[in-house]
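Only one structure is covered here, and it is reproduced in the block below.
The values are calculated or read from the model by the stated rules, or taken from the named source; none is laboratory data. On a predicted model such as this, the values are computed, not experimentally measured, just so you know. Neighbour counts run over all protein chains shown; Cβ positions are idealised from the backbone, glycine included.
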Amino acid sequence: MLQGVGLTPDVFSATFSLARHAGWTAHVLEQAGANRLIRPDVRYIGPAERDLPA
């Protein structure tokens, strides 16, 4: 049993799924309220692309 929360391992997947569903629902409602898709502005700052041998 997960201490402090009272969850047994057999309900971990269901709990995770419910939490994800709540987050997705919040995103859908936010996007519907703005009447557009909301996408984060991301700029990749990692290493440049390089050629790899085939």
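Inspect region 29-44 for any residue being modelled with pLDDT of 90 or more and β-branched (Val, Ile, Thr) and give the result as yes or no.
no
So which of ARG50, ARG20 ends up being under 13 Å from the mean Cα position of the chain (by Cα) and among the basic types (Lys, Arg)?
Among ARG50, ARG20, only ARG20 is under 13 Å from the mean Cα position of the chain (by Cα) and among the basic types (Lys, Arg).
Return a yes/no flag: does region 26-49 have any residue that is among the acidic types (Asp, Glu), surrounded by 10 or more Cβ atoms within 10 Å (Cβ to Cβ) and not in a loop (DSSP other than H, G, I, E, B).
So far as region 26-49 goes, yes, one or more of its residues are among the acidic types (Asp, Glu), surrounded by 10 or more Cβ atoms within 10 Å (Cβ to Cβ) and not in a loop (DSSP other than H, G, I, E, B).
Within the set of pairs 6 or more residues apart or between chains, which connect a residue that is of a type outside the set (A, V, I, L, M, F, W, C) inside region 11-36 to a residue that is modelled with pLDDT under 95 with Cβ atoms less than 7 Å apart?
Within 7 Å, the pairs are THR15/LEU7; GLU30/ILE38; GLN31/LEU37; GLN31/ILE38.
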